[in-house]
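J.: One structure, as structure tokens, below. Some questions next.
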Amino acid sequence: MNGAEIRCLTMTAADLPEIWNIEQFLPSPWTFNQLGDELQLPMGWHFTLKSAAGMHGYIFGITVAGEAEIRKLAIQRDFRRQGLGHRLLERVWRHLITQKATSCFLEVREENTAATALYQKNLFQTVGSRLGYYKLPPGNALILRKDLSSAQPIPAQGQKTCEI
Ligand SMILES: CC(C)(COP(=O)(O)OP(=O)(O)OC[C@H]1O[C@@H](n2cnc3c(N)ncnc32)[C@H](O)[C@@H]1OP(=O)(O)O)[C@@H](O)C(=O)NCCC(=O)NCCS
């Protein structure tokens with residue numbers, strides 16, 4: 001399947017069953033009710049990557065007083081290392097720049113090399129850690145922050161993209 005057939009869309013409640021299926025293969029999966037609660041957060045933003053074949057990835061986040069937080073990001077296992085995680089993040093940067101957010105935070109498992117590499121590529125910096133933050137399975141969290149205060153608008157999909 002080629003990436004052009006995969007569309008980035010605003011998440012709806014109808015997406016939740018497929019998202020829940022993908023969650024089952026992640027450490028610390030959210031329950032179906034948690035997914036529904038996140039989708040309803042008033043300051044939340046949520047995007048999916050879908051094709052005719054179904055759901056390939058999703059992101060949940062929230063912005064409060066100019067500070068954004070990525071709360072969940074996942075790409076379906078068979079579609080990883082194809083640039084989809086990066087594509088979802090670029091969609092988020094466009095949204096956050098429109099919102100005039102000045103920074104974006106997230107927590108990631110210290111040993112999650114795929115995610116930390118993706119965030120590093122997106123210019124996140126480590127600003128702290130939380131020992132024993134994760135329970136199932138146990139692990140430490142890194143706190144990452146991306147500065148958006150001088151970010152320039154990113155062209156929409158299909159146009160040339162730029163780093164921020
Ligand atoms: C982390 C995750 C979202 C990455 O999604 P992805 O679509 O595979 O990532 P991309 O293909 O967009 O990769 C972009 C860059 O991230 C880095 N990266 C991604 N996966 C990597 C891996 N397994 N090992 C090393 N670097 C990796 C690379 O720099 C990559 O760029 P490159 O392919 O040009 O080298 C995906 O692995 C995933 O869903 N993991 C399980 C859930 C999770 O850990 N979520 C994050 C919680 S904070």
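J.: Under 1.5 on a/c is rounded, so check that first for region 22-164, then, if it is not, pick prolate when a/b is larger than b/c and oblate when it is not; a ≥ b ≥ c are the square roots of the alpha carbon gyration tensor eigenvalues.
T.: rounded
J.: I would also like to ask the following. Rounded, prolate or oblate: which fits region 3-106 when a ≥ b ≥ c are the square roots of the eigenvalues of the alpha-carbon gyration tensor, with rounded for a/c under 1.5 and prolate only if a/b beats b/c? Intermediate results must be reported in sequence, preceding the final value.
T.: Working: a/c = 1.75, a/b = 1.26, b/c = 1.38.
Judged from the Cα gyration tensor, region 3-106 comes out oblate (a/c at least 1.5, b/c at or above a/b).
J.: Give the order of SER150, SER129, SER51 when sorted by the count of other beta carbons within 10 angstrom, beginning with the fewest. Before the final figure, lay out the partial values.
T.: Values: SER150 7, SER129 12, SER51 15.
The order, fewest Cβ neighbours first, is SER150, SER129, SER51.
J.: Pop the C-beta distance of GLN99 and GLN152 into the FRET formula with R0 = 22 Å and round what comes out to the nearest 0.05.
T.: After rounding to 0.05, the efficiency reads 0.90.
J.: How would you rank ARG7, ARG77, ARG87, going from fewest to most other Cβ atoms within 10 Å of each one's own Cβ?
T.: In increasing order of surrounding Cβ atoms, one gets ARG77, ARG7, ARG87.
J.: Separate question: Within the set of other residues whose C-beta is less than 11 Å from the C-beta of ILE22, count the net charge using Lys and Arg as +1 and Asp and Glu as -1.
T.: Charge balance in the 11 Å sphere: -2.
J.: Relative contact order, percent, of region 3-106 when contacts are C-alpha pairs under 8 Å separated by at least 6 residues?
T.: 24 percent
J.: Next up: Could you give the dipole magnitude of the chain about its Cα centre, charging the beta-carbon of Lys and Arg +1 and that of Asp and Glu -1, in debye to the nearest 20?
T.: Values: 18 positive and 15 negative charges, 66 e Å.
Computed charge dipole of the chain: roughly 320 debye.
Every number here is computed from the coordinates shown, using simple stated rules; none is lab data. Everything numeric in this text was worked out from a predicted model, so none of it was measured. Positions of Cβ are backbone-derived with ideal geometry, glycine not excepted, and every protein chain shown enters the neighbour counts.
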